[in-house]
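Working notes, beginning with the structure itself.
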Amino acid sequence: MPLSTQRPKSARHPLPEAGAGARDAAELPLHRLGESGLESEAAYELISSELLLDGQARLNLATFVTTWMPSTAATLMAETADKNMIDKDEYPQTAEIESRCVNILANLWHSPDHERATGCSTTGSSEAAMLAGLALKWRWRARMRQAGKPTDRPNMVMGANVQVCWEKFCRYWDVEPRLVPMEGDHFHLTPDRAVEHCDENTIGVVAILGSTFDGSYEPVKEIAAALDRLESDRGIDVPLHVDAASGGFVAPFIQPKLEWDFRIDRVQSINASGHKYGLVYPGVGWAVWRTKEALPSELIFDVNYLGGHMPTFALNFSRPGSEVVAQYFMFMSLGREGYRRVMQGCQDMAHQLSEGIAEIGPYRLISEGSELPVFAFALAPEVENYSVFDVSDRLRQRGWLVPAYTFPANREDLSVLRIVVRSGMHQEMADLLLEHLREQTEFLESLEAPLPGQVPEKRKAFAH
Ligand SMILES: Cc1ncc(COP(=O)(O)O)c(C=O)c1O
């Protein structure tokens, strides 16, 4: 649903000079269907010309989402775009590939059930979060009903640094979000604070493997241990979900000893985005449950009208099979060693960049890229004439998208810039980025008075 109410100035197509069929195109209305269509080549040329006005995806250091895949993957995706993921009877091999991917991830995340894992593909981590959250809510409700207790006030505990999908989950499904605020230099959920917010109405705690704000990992094992103590001291049994949107494809390869996954008994479900460090173009995500029992059967629908019986647990019904096929392609073509190489390369680059930025002078690193290959940096307190928002604006003039944003409650006073290093960032790009940042910083440092008109509404939390 396009939420923008902005209207373009012209009601006609803005690129009348483009190629064959252009004269007809000049008359095409933008916001209603034209009476007659164009030749497909002319339509192609017009649309691809218009899309040139978009940004350069590879210079976008804000997004976690994959912006480069090998051309063979793109070919395979084009060949499979017509396969409907839901139609498992018509496309049994695509369905088989989906379940192989679920098993591969369950194995990577040390599931006890990895040969017949319970999980599914989704359009991304947001949908996966909705499904995992619903499973937690259903299980909590069943527990409460069995104990003869009320079921009208469920809550979910998580750090204020959660991605917006968890706030959406709570609002859409009537769950009270208990957002644990940041404190001092703790920029994510800590075990004690998580437990303090739990009670018998807590459907689950969400721990994030790779905070969107600074790339840091929440201490999943320690949070689980604190919840174990809560259960033994007060009899309150709170399950743990790990939002491993990015870290689910990073930690298994470059931090294999870190215990954050199904090695921990309390972890009941995990989500990850195939389209982030899973290295696939958008939209694919994954949700995996610890065991079959962790996913209440009432949430699974059985559909038979496409022929055969198909269990389905998803918010969407039809969607293309190409992203799932592309995920399998990446698994096959890279293997463990390939993913390790890519993730290590991203992390080395993140370290190199964060060190380079710290050397420029006025910057203070909030994180270095040692967990996710993502880091955030702020300006030193003595800088008064410009802000991180100005640095972001200046970099944009050179084509780089480096977001500036404030941290959430209680650290709204802290404004940072963040860089997400993804596969496809090569040495020349990194050198150029540092050179441009150095050049723009020198300019800003040369200011003799504060820049006028710093726009306060720009300084909102960044939810991506
Ligand atoms: C920690 C975390 N969870 C969830 C999401 C949402 O992921 P998706 O874009 O795959 O829906 C993001 C996106 O950046 C994220 O960083």
| Across 10 Å bins from 0, what is the distribution of all Cα-Cα pair distances for the stretch 392-442, in whole percents? | 22, 46, 25, 7
| Using 7 Å Cα-to-Cβ label points, what is the Thr312/Glu384 separation (nm, one decimal)? | 6.3
| query | Given H placed 1.01 Å from N in the peptide plane, which residues other than close sequence neighbours of Val180 have an amide H under 5 Å from its amide H? | reply | Met158, Gly159, Ala160
| With a Cα-only, solvent-free Debye model of the stretch 344-458, what are the log10 I(q)/I(0) values at q = 0.09, 0.13, 0.16, 0.23 Å⁻¹? | -0.23, -0.48, -0.73, -1.46
| remark: At R0 = 41 Å the Cβ-Cβ FRET efficiency linking Trp68 and Ala409, nearest 0.05, sits at 0.70
| task | Note the full-extension length gain between Ser297 and Glu90 as 0.36 nm times their separation in residues minus their Cα-Cα distance, in nm to one decimal. | result | 72.1 nm
| field | Chain lengthening between Arg263 and Glu359 when straightened (0.36 nm per residue, less Cα-Cα) | value | 30.6 nm
| task | Enumerate the calculated ³J(HN,Hα) couplings along the stretch 100-105 in order (Karplus 6.51 cos²θ - 1.76 cosθ + 1.60, θ = phi - 60°), each rounded to whole Hz, writing x wherever the residue is Gly or Pro. | result | 5, 4, 4, 5, 4, 5
| said: Report the gain in length on full extension from Glu231 to Arg143: 0.36 nm times residue separation, minus Cα-Cα distance, nm rounded to one decimal. | reply: 30.2 nm
| note | Kirkwood-based Rg/Rh on the Cα set of the stretch 44-186 evaluates to 1.06
| query | Which whole number in µm²/s is D for the chain by Stokes-Einstein, with the Kirkwood Rh taken over Cα pairs at 10 °C and 1.306 mPa s? | reply | 66
| query | So what are the ³J(HN,Hα) numbers for the stretch 421-430, from phi and the Karplus equation (6.51, -1.76, 1.60; θ = phi - 60°), rounded to whole Hz, Gly and Pro as x? | reply | 8, 10, 4, x, 8, 9, 4, 5, 5, 4
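Bear in mind that the values in this text are calculations on the coordinates, not laboratory data. Remember, it's a predicted structure, so these values are computed and weren't measured experimentally. Methodologically, a virtual Cβ is constructed for each residue, glycine included, from the backbone with ideal geometry; neighbour enumeration extends over all protein chains shown.
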